[in-house]
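Only one structure is covered here, and it is reproduced in the block below.
The values are calculated or read from the model by the stated rules, or taken from the named source; none is laboratory data. What you see is a predicted model; the values in this text were computed from it and never measured. Methodologically, a virtual Cβ is constructed for each residue, glycine included, from the backbone with ideal geometry; neighbour enumeration extends over all protein chains shown. With ligands, DNA and RNA removed, areas are computed over all heavy atoms of the protein, side chains included. Shrake-Rupley method; radii C 1.70, N 1.55, O 1.52, S 1.80 Å.
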Amino acid sequence: SGIPASFAGSPIVVNGQNVGVLIYQLPLARLNELMQRQSDVVGETGEIYLVGEDKLMRSDSRFSEKTTILEQVVDNKAVEKALSGQTGIDQVVDYRDIPALIAYQPMKFGTQTWALLAQISEQEAFASTVRLRNSVLFSSGIAALVAIITGFVIALGITRPVSNLTKAAAAIAKGDLTRSVKIEARNEIGLLAKSFSTMTERLRSLIGGLEQRVTAATQHLALAAEVSQKVSLVQDLEVMLSEAVELIRERFGMYYTQVYLTDPTGRNLVLRAGTGDVGKRLLQRSHRLPIDMSSINGTAATQRKPVIIEDTEASRIHRPNPLLPDTHSEMAVPLIAQDRVVGVLDLQSAEAGALNEENLPAFEALAGQLAIAIVNAELFAEVEEAHAQIEARAAQATKEGWKDYLDAIERKDRIAYSYENENITPLVEAPPPASDEKTLVVPIDVAGAEIGTLQFEGKQAWDKSDAIFASVIAEQVALQVENIRLLEQSQQYQNEAQEALRRLTREAWEGYQKEESLAYIYKDAQVQALEDDPFEEKESYEIKISNARIGQINIAKTEALSAEDAELAASITEQLSAHLEKLRLSKETEQALAETESLYTASRSITAAQDAAEVAEILVEHID
């Protein structure tokens with residue numbers, strides 16, 4: 001999104017196995033703003049930095065020489081010490097080549113370690129001490145000759161507080177931020193001691209506040225990951241949404257939680273899950289909202305970004321719900337998956353300010369996971385529905401196939417056999433239904449359709465293992481009888497197709513032969529039309545097309561044909577059959593083309609006709 005942020009990760013565990021990683025980001029703008037406001041605790045030359053374990057800055061400098069400062073701070077050994085868990089104060093040379101003090105403190109964010117550093121020039125840090133020292137030396141020089149004893153007492157009174165201040169500074173440099181300097185003097189040493197105490201107190205407050213915010217953000221993201229993991233295991237959409245809103249309400253301490261989904265038209269949000277009695281009542285009403293700017297949920301869906309109301313009483317856009325009078329803060333987060341808004345997650349708290357920008361990243365991560373779970377649940381439901389439809393159609397087709405197969409014409413409408421004493425006998429009547437535990441009945445199912453049963457008769461009751469074994473046998477029987485049925489019906493359909501082809505070929509040649517005679521004789525080296533059959537003895541070979549007889553070839557029989565001659569005659573007959581069929585088809589094609597051309601000409605003439613009389617003349621002409 002272009003906002004400076006830090007990333008952290010948590011594993012996603014399903015049934016004891018790592019199936020992925022939840023990556024979440026924490027915007028640092030508010031932390032950086034807080035540190036910029038607190039920079040005055042380290043004076044005019046001081047600066048506070050946050051550095052990640054990747055040696056990248058997490059905060060901005062308040063000075064113009066930003067790049068130089070960043071390079072100088074990151075290259076400082078104080079960063080490495082803080083990232084390794086050490087706390088203390090070092091003497092360094094800052095980016096202006098001026099001696100400075102830098103305090104460092106490690107800080108945990110999730111699984112990451114950050115370095116918190118505060119830097120101030122030595123000149124400013126000890127400015128009060130230097131001024132005091134110069135003042136003391138000047139005063140002592142003037143009064144040296146007249147007040148040696150007084151000067152010694154005064155110097156001793158000044159040195160002891162400075163020594164105490166030095167010891168305190170050394171302790172703070174070692175990381176003891178609980179150390180304070182107790183000097184009650186009202187001079188500059190007292191002011192310096194007070195400044196040191198104020199600086200350490202503000203550092204403690206800053207570090208404590210940062211740790212609390214990071215801890216809270218980490219806890220929210222961990223809760224979001226937990227909720228996402230649990231809802232991802234549920235495949236039923238209604239159950240998943242119901243469990244999701246209850247988990248969110250319970251884990252995050254919400255007053256009320258609900259989920260809207262976009263309807264198929266994309267113009268409304270339909271309530272699909274809500275917590276408590278209020279959720280049940282709204283669901284019974286089929287509660288819905290238009291996707292527009294009239295509500296915060298509609299606004300979130302329209303603008304595709306979260307809407308936060310930290311205090312409902314001070315908000316102008318919040319619309320109170322009489323069923324939820326204790327709502328004092330509300331957040332609506334759009335559920336976006338595959339670049340489309342699938343719904344809105346609405347959270348309501350009884351505490352003003354409980355829902356804000358700081359905990360928004362956790363709810364955005366949760367909304368993203370919830371949107372993916374919703375899309376997956378919808379896809380799973382669609383697949384299940386399609387699978388059920390396919391199974392239903394397969395079962396219906398199987399039933400109709402067996403109904404056609406057992407048509408009581410080609411076969412009996414019921415087929416039954418008995419196996420007893422190693423003998424298989426047909427059954428005229430169906431066996432009686434099972435009456436006791438000694439009879440085991442197992443259905444014979446093919447593609448979800450029951451086409452028969454297997455009935456086992458025993459001398460004792462059947463147990464579970466017997467039933468399993470019988471089911472296996474029934475599956476094998478179902479597969480075998482289905483294969484037999486399909487094979488026989490395929491053969492039947494093939495025979496019917498061949499018979500239809502023979503019939504059509506025969507009818508086509510009968511119609512063709514009505515138009516012209518196709519009887520010829522080859523005699524005396526000439527082909528002539530044949531009116532009567534002159535052969536008394538002959539050898540005949542049938543001319544067949546698609547196994548339909550359309551004519552024959554007669555060869556005058558003066559003597560028996562040799563095997564070679566008979567084979568040659570059969571080959572000639574086969575070639576003649578194919579050639580005749582080609583001639584017939586060619587002629588029919590020419591006729592069809594001529595008719596098409598005539599229809600095209602008539603159509604063009606009718607289109608150009610000026611009146612009904614002309615159209616009638618054209619029709620009469622082409623009909624004739």
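Out of the trypsin sites (Lys or Arg not before Pro) in the stretch 340-427, which ones are loop residues according to DSSP with at most 14 other C-beta atoms within 10 Å?
Working: sites: 340, 393, 399, 403, 411, 412, 414; in loops: 411, 412, 414.
Passing sites in the stretch 340-427 are 411, 412, 414.
Carbon and sulfur together cover what percent of the accessible area of the stretch 546-619 at a 1.4 Å probe radius?
Numbers: 3030 of 5370 Å².
Carbon and sulfur: 56 percent of the exposed surface of the stretch 546-619.
Please state the shape class of the stretch 378-486: rounded when a/c is under 1.5, otherwise prolate if a/b exceeds b/c and oblate if not, all from the C-alpha gyration tensor. Don't skip to the end; give the middle numbers.
Values: a/c = 2.61, a/b = 1.35, b/c = 1.94.
It is oblate, given that a/c is not under 1.5 and a/b is not larger than b/c.
For residue 539 and residue 393 in one chain, what is 0.36 nm times their gap in residues minus the Cα-Cα distance, to one decimal in nm?
Details: separation 146, 0.36 × 146 = 52.56 nm, distance 5.72 nm.
Here the segment from residue 539 to residue 393 would lengthen by 46.8 nm.
Cross-link list 523/587; 523/582; 412/459; 403/582: which exceed 30 angstrom alpha carbon to alpha carbon? Mind dumping the intermediate values first?
Values: 523/587 28 Å; 523/582 26 Å; 412/459 32 Å; 403/582 42 Å.
Violating the 30 Å Cα-Cα cut-off are 412/459; 403/582.
Let me make sure I get this right: for the stretch 226-377, a, b and c are the square roots of the gyration tensor eigenvalues over alpha carbons, sorted descending. Under 1.5 in a/c it's rounded, otherwise prolate if a/b > b/c, else oblate. Which is it?
Details: a/c = 1.32, a/b = 1.22, b/c = 1.08.
It comes out rounded by the Cα gyration axes.
At 1.4 Å probe size, with every protein chain present, just tell me what the per residue accessible area of the stretch 366-425 comes to in Å². Walk me through the numbers before you get to the answer.
Details: 4400 Å² over 60 residues.
Value returned for the stretch 366-425: 73 Å² of accessible area per residue.
Given R₀ = 60 Å, what would the calculated FRET efficiency be for residue 430 paired with residue 519, taking r from the Cβ atoms and rounding to 0.05? Numbers along the way, then the final one.
Details: r = 61 Å, r/R0 = 1.02.
The pair residue 430/residue 519 has a calculated efficiency of 0.45.
So for the pair residue 553, residue 321, with labels modelled 7 Å out along Cα→Cβ, what separation do we get in nm?
Spacing of the two 7 Å Cα→Cβ label points: 9.2 nm.
Calculate the dipole size of the stretch 311-400 relative to its Cα centre from +1 charges on Lys and Arg beta carbons and -1 charges on Asp and Glu beta carbons; express the result in debye to the nearest 20.
Values: 5 positive and 16 negative charges, 68 e Å.
Taking the Cα centre of the stretch 311-400 as origin, the dipole is about 320 debye.
Quote the charge dipole size of the stretch 538-581 about the Cα centre in Debye, to the nearest 20; the model charges only the Cβ of Lys and Arg (+1) and of Asp and Glu (-1). Mind dumping the intermediate values first?
Details: 4 positive and 8 negative charges, 51 e Å.
That gives the stretch 538-581 a dipole magnitude of about 240 debye.
When only DSSP loop residues count, what trypsin sites (Lys or Arg not before Pro) in the stretch 417-482 have their Cβ near at most 11 other Cβ atoms within 10 Å? If you can, show how the numbers build up before the last one.
On the way: sites: 438, 459, 464; in loops: 438, 459.
Those satisfying the criteria are 459.
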